[in-house]
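These notes are about the structure you will find just below.
Please treat every number below as a calculation from the coordinates, not as lab data. Note that the coordinates shown come from a computational prediction; the quantities given were computed from them, not determined experimentally. Positions of Cβ are backbone-derived with ideal geometry, glycine not excepted, and every protein chain shown enters the neighbour counts.
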Amino acid sequence: MQRMNTFRKALLFCLTSLLALSACQNGLKEEMKALCSRPVELDTDKMQCMYPSVKGDTALWHINDEGKTYRLVVFMDSTECMSCATGKMHGWDKFLNVLAGKGNVSCFFIFNPAREEKESLLVSLMTEKLQYPVYIDSIGIFTKTNPHIPQTSLLHTFLIDEQGKVVFVGDPRRDGKLHDLFFRAIRQVKKEAR
């Protein structure tokens, strides 16, 4: 009898976990639909741009993405630990080097820190000496102009085309399948343009 109760509890736990996972995935699907429901606007003129490896004032420096087919957006909002996020930025180095060889993708790192975290974020970015620019969105313009962007941080990395349409969602460095899908998405539109 004891064995049967243990089995039932284990079975109930597994079923509950599967239902919760299914509900979570359904929620994620709905958030992804919302993200893809309309174009994403990149209004970077109202954000501070920093190029941490360049000394001096880089406030007027912005990414020149003229002629680029895609924009990879990596968004970090105030719900994330900013010092943790900057500490992980070098994880993008290798991927961005590969991406640079493709020639048709610009990358936009957008930080939206809480007011009290802005100064520590700036210090962290300067300490990291990143080789690429980042945007500081201290007035929250990105989320104001794009209210359809979900709260879930898993969906804060995405690829948009020239019209702002989301063509890929997810961190392509996360695993091999996402990496392959990302580069397939870039090649796919290239083929369609011919």
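Within the set of other residues whose C-beta is less than 14 Å from the C-beta of Gln151, count the net charge using Lys and Arg as +1 and Asp and Glu as -1. Provide the component values of the computation, followed by the final result.
On the way: positive: none; negative: Glu30, Glu31, Asp77, Glu80.
After counting each charged neighbour, the total is -4.
Can you compute the charge dipole magnitude of the range 40-193 about its Cα centre, using +1 on each Lys and Arg Cβ and -1 on each Asp and Glu Cβ, nothing else charged? Give it in debye, rounded to the nearest 20.
Values: 19 positive and 20 negative charges, 118 e Å.
That gives a dipole near 560 debye.
Using 0.36 nm per residue of separation minus the Cα-Cα distance, give me the extension gain between Gln163 and Lys33 in nm, one decimal. Could the numbers behind the result be given before it?
Numbers: separation 130, 0.36 × 130 = 46.80 nm, distance 1.74 nm.
Separation in residues times 0.36 nm, less the Cα-Cα distance, equals 45.1 nm.
In the range 40-193, with Lys and Arg counted as +1 and Asp and Glu as -1 at Cβ, which of these residues, Ala100, His156, Ile141, has the Cα nearest the positive end of the dipole, that is, farthest along it?
Ala100
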